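What follows is one structure encoded as structure tokens, with my remarks underneath.
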Amino acid sequence: ETGVTQTPRHLVMGMTNKKSLKCEQHLGHNAMYWYKQSAKKPLELMFVYNFKEQTENNSVPSRFSPECPNSSHLFLHLHTLQPEDSALYLCASSQPPGTGGNEQFFGPGTRLTVL
Amino acid sequence: AQSVTQPDIHITVSEGASLELRCNYSYGATPYLFWYVQSPGQGLQLLLKYFSGDTLVQGIKGFEAEFKRSQSSFNLRKPSVHWSDAAEYFCAVGARDYKLSFGAGTTVTVRA
């Protein structure tokens with residue numbers, strides 16, 4: 001595997017379900033990100049982890065719970081979601097902030113549908 | 001806080017014609033600027049980036065962009081588009097920290 005991978009690629013869940021999204025990066029980066037992409041809206045940064053520590057929570061509802069066990073893996077745990085949470089969830093990684101460039105590499109995303 | 005405006009929501013261009021996508025940014029210092037492309041059902045792929053130096057930057061797939069500080073712009077160009085260039089294009093601006101601000105995107109349709 002190369003780059004940034006995300007599983008599953010598609011997920012349909014009910015409002016009472018609990019599910020998790022997984023992201024893995026094979027680039028040796030130390031910063032990882034979750035974004036939400038809704039139709040015709042700019043990407044919304046949700047969470048940032050730098051060296052496994054959460055450094056940004058962009059006022060995300062608590063029904064989204066991130067986890068970063070190491071610098072290569074990032075999870076997004078989902079519970080009691082709402083239909084408006086349906087979107088494409090993108091994971092990205094980069095070199096640590098402030099190291100001269102914050103080029104981010106993106107995974108293919110998980111298309112989430114909440115019924 | 002930084003922000004990005006992509007004035008064109010949708011552009012249609014004929015195959016073989018030139019393409020220019022506009023991007024205007026707002027940021028108080030020298031920005032880091034990026035163009036990403038997203039094909040349907042895919043994540044974002046970096047086309048090119050500007051950090052410093054030469055204001056005309058070359059990217060992948062035959063794209064280039066020019067940084068114009070006086071106009072706060074970073075427009076993307078391609079001299080001759082291919083059908084495979086049909087996609088959504090995002091401009092982004094960042095600083096030395098990790099935050100990137102993305103524009104809402106421009107959808108490019110290529111007609112035969």
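Scan A:Pro108, A:Pro96 and give me the residue that is farther than 21 Å from B:Gly103 by Cα, within 10 Å of chain B (Cβ to nearest Cβ) and part of a loop (DSSP other than H, G, I, E, B).
None of the other options fit; the residue is A:Pro96.
Within the group B:Lys49, B:Lys61, which residue is within 13 Å of chain A (Cβ to nearest Cβ), among the charged types (D, E, K, R) and either crowded, with 19+ Cβ neighbours inside 10 Å or not in a loop (DSSP other than H, G, I, E, B) (or both)?
Working: B:Lys61 fails: within 13 Å of chain A (Cβ to nearest Cβ).
Just one listed residue meets the conditions, B:Lys49.
Do we find a residue being under 10 Å from the mean Cα position of the chain (by Cα) and modelled with pLDDT of 95 or more anywhere in the range B:36-44? Reasoning before the result, please.
Here is the first cut: in the range B:36-44, the ones under 10 Å from the mean Cα position of the chain (by Cα) are B:36-37.
Next, only the ones that are modelled with pLDDT of 95 or more stay: B:36-37.
Yes: one or more hits.
Need the failing condition index for B:Ala29 against (1) in contact with a strand residue (DSSP E or B) (Cβ under 6 Å, 6 or more places away or on another chain); (2) over 15 Å from B:Ala104 (Cα atoms), just the number.
All conditions are met except number (1).
Could you check the range A:1-45 and list, in sequence order, the residues that are acidic (Asp, Glu) and either assigned to a strand (DSSP E or B) or touching an Asp or Glu at 6+ places or on another chain (Cβ under 6 Å) (or both)?
Going residue by residue through the range A:1-45, those that are acidic (Asp, Glu) are A:1, A:24, A:44.
Hits for the range A:1-45 are A:Glu24, A:Glu44.
The values are calculated or read from the model by the stated rules, or taken from the named source; none is laboratory data. Bear in mind that the values here come from a model prediction, so they are computed numbers and not experimental data. Methodologically, a virtual Cβ is constructed for each residue, glycine included, from the backbone with ideal geometry; neighbour enumeration extends over all protein chains shown.
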